[in-house]
1. Given a 1.4 angstrom probe, what's the average accessible area per residue across the range 44-144, in square angstrom?
2. Where the convex hull is taken over the Cα atoms of the range 174-232, what is its projected area averaged over directions, in nm²?
3. Taking the Cα of Tyr291, stepping 7 Å toward and past its beta carbon, and measuring to each backbone N in the range 418-462: which are under 17 Å?
4. Could you please put Leu443, Leu426 in sequence from largest to smallest accessible area, using a 1.4 Å probe?
5. With a point put 7 Å past each Cα toward its Cβ, work out how far Glu496 is from Ala359 in nm, to one decimal.
6. Please list, in chain and number order, the residues 5+ apart from Cys174 or on another chain whose amide H is under 5 Å from its amide H, with Hs placed from the backbone.
7. Identify the trypsin sites (Lys or Arg not before Pro) of the range 251-354 meeting these criteria: DSSP loop state and at most 14 other C-beta atoms within 10 Å of the C-beta.
8. Rounded to the nearest 0.05, what FRET efficiency do Ala257 and His235 give with R0 = 22 Å and r taken as the Cβ-Cβ distance? Could you check?
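The values are calculated or read from the model by the stated rules, or taken from the named source; none is laboratory data. Owing to the predicted nature of the structure, the values given are computational and were not obtained by experimental measurement. Here the Cβ is made from the backbone with ideal geometry for all residues, glycine too, and neighbour counts use every protein chain on show. Accessible surface areas use protein heavy atoms only, side chains included; no ligands, DNA or RNA. Shrake-Rupley method; radii C 1.70, N 1.55, O 1.52, S 1.80 Å.
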Amino acid sequence: MDKQQTVIRLIGDMAEERNGIEAVCAMIGATLNDAKGIPVRLEKIHRQGLVIHYDGESATIGYWQVSQLLRAIGLLVEAMRAGQQLYLQEDMQFDTIGAMVDCSRNAVPKVETIKELLRRMALMGMNMLMLYTEDIYEVAAKPYFGYMRGRYTAEELRQCDDYAAMLGIEMVPCIQTLAHLENYLRWEVAADLKDTHEVLLTGQPQTYAFIDEMVSSVSSCFRSKRIHIGMDEAHGLGRGKSLDLYGNVNRFELMNAHLKKVVDITESHGLKPMIWSDMYFRMGSKTHDYYDLDTEIDEAHMAQMPKGVDLVYWDYYHNEQSFYSRMIEKHQALGSTPLFAGGIWTWLGMCTHYSKTLAYSEAALLACKQAGVKEAFITMWGDNGAENNLWSILPGLQLYAEHAYAATVDLSNLEKRIAFCAGISLQDHLSIEQLDAIHGLVLEEYGLSNAAKYLLWQDPLLGLFDKHIEGIATENHYRKLAEKYETLASKDASHERLFATLARLGRVLQLKADLGVRIREAYLNNQLAELRRIAIEELPELISRTDQLRTVHRQQWMSINKPNGWEIQDIRYGGILARLSSAKERLLDYVTGTIPLIEELQEARLYVDNREGRERPKTNYYVSYELISSASRHF
């Protein structure tokens with residue numbers, strides 16, 4: 001049965017659910033008709049989950065929550081199109097299964113993007129969404145808060161919340177009330193709030209007046225009586241201006257005193273807060289490591305921790321179920337079972353990594369079920385500029401959704417669900433990470449690389465990463481990938497949205513990945529004809545391809561996000577285009593005898609990761625554009 005023939009006639013009391021059903025059905029090409037079509041009776045059941053009976057002629061759906069009903073509608077339509085009967089009962093494994101979208105690393109999804117994301121989550125049966133907003137929301141009395149950053153207006157957030165409620169999804173405000181506020185603290189008007197460049201000054205009345213304004217502003221936009229107040233990675237806590245004010249105070253005491261004041265604020269607004277848990281574990285670790293299984297938090301400090309705060313255990317980095325189990329136990333020892341936050345590996349550039357995402361999520365969610373964790377959500381971060389495509393996240397969401405409705409998840413069923421709900425197969429999604437999977441490349445920490453990012457942005461003459469790819473056949477690798485992505489992008493609109501930019505990126509890296517290696521080899525061997533060919537033929541072609549990539553990447557960005565933040569990508573593209581032009585001029589000056597040598601090519605290449613003195617390269621050094629593009633300072 002094709003999309004045009006999928007007509008459903010709903011029977012039952014559905015006044016509250018009707019709009020949500022219509023929105024999801026329109027997305028998957030199903031039609032609601034009150035006079036004809038497959039009759040589908042809707043019934044409320046008194047247990048968390050859903051039941052579907054479909055005999056090929058009529059269907060019954062039993063559900064408890066709207067999100068479960070919308071998942072059931074999708075499962076029913078999928079069976080109808082396959083010409084299959086369906087007798088299915090699914091019981092909820094988690095009370096909450098959700099997602100968190102990073103809106104604070106330059107890319108601020110448009111309201112229409114959030115609405116589509118909500119529809120797709122509803123189709124999967126998810127019931128919670130957070131928008132991670134450091135300064136990306138309106139605080140009326142603070143015009144510099146989110147200034148020129150594409151912040152959401154209160155009306156935009158209310159639109160999103162209204163739409164989510166229609167689909168049975170709780171939107172929980174997600175902000176920061178301690179660290180990660182550097183984008184606001186940069187302004188002079190915030191000087192009296194600053195401990196370090198990104199951490200608020202604790203213990204001061206103006207700080208808590210500011211936090212009250214933030215909490216009041218953002219919570220007024222949402223129905224939820226919960227709020228995520230952040231407080232993660234506050235490494236500078238007590239180490240800036242507060243040292244002058246208070247001296248060297250125990251950081252547990254600072255953290256607890258601050259958290260208590262913020263909890264008092266949230267409670268005054270009728271809200272229940274949650275925080276990322278890492279700071280307590282870091283302070284209890286001798287190595288300041290969040291994932292130190294030897295971490296000990298003494299009873300005196302535990303007693304000082306404010307009550308009524310939910311802890312969120314975030315972990316994107318382990319593939320052993322036993323590790324997650326032990327960390328959950330450590331959280332439970334603090335007094336309650338945590339929420340769990342996993343991650344889709346979206347933050348390394350323009351390439352989402354699913355082999356790690358799937359393996360780590362599988363281990364984490366099985367441990368969560370075993371330990372009685374009742375709320376789980378998956379994060380997608382946009383570190384260093386959010387170059388990635390938001391629509392690459394759907395398989396990660398689907399995995400979490402399937403785990404919410406089954407004790408274990410069968411891979412073949414997961415593949416079917418992804419193909420139906422995302423419109424693109426899991427295998428096609430998995431192909432994206434091949435941009436970074438160059439045969440022969442030494443893998444970084446966690447067994448992956450982000451080669452596509454550092455090979456795109458590194459300088460053609462300085463080549464900070466040239467040593468890493470010496471002797472590796474990058475041209476053939478990226479040519480084949482470009483051809484693959486071009487074929488995928490031509491299939492339909494969904495594939496084009498996901499693969500058009502990646503196809504252009506492949507064509508750029510086909511020429512650029514080993515460009516610096518080839519230039520320096522020709523230079524050292526005095527191959528003037530080859531240097532001239534590169535300057536006259538290859539570099540102009542690469543400049544053209546890079547500008548085409550910029551154009552397609554910009555179109556992708558503008559279709560998903562607000563325009564703010566794209567200027568950073570324009571600056572990066574402009575920088576590499578200028579450096580390619582300079583490389584052309586430098587090569588021609590040399591081959592014509594205008595200059596006696598090219599100093600940039602004289603110096604021996606080194607590994608960025610100092611691997612001679614380290615067992616395995618580090619990933620973090622490769623994520624930052626500033627460290628990729630030059631050894632000189634950007635300021």
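1. With all protein chains present, the range 44-144 gives 32 Å² per residue.
2. Numbers: hull surface 16.3 nm².
With every direction weighted equally, the projected area is 4.1 nm².
3. Backbone N within reach: 443-450.
4. On the way: Leu443 70, Leu426 5 Å².
Output order, biggest surface exposure first: Leu443, Leu426.
5. 3.6
6. Leu131, Thr133, His228
7. Details: sites: Arg251, Lys260, Lys261, Arg282, Lys286, Lys307, Arg326, Lys330; in loops: Lys286, Lys307.
When the trypsin sites (Lys or Arg not before Pro) of the range 251-354 are filtered for loop state and at most 14 Cβ neighbours within 10 Å, Lys286, Lys307 remain.
8. On the way: r = 18 Å, r/R0 = 0.82.
Efficiency, from the Cβ-Cβ distance: 0.75.
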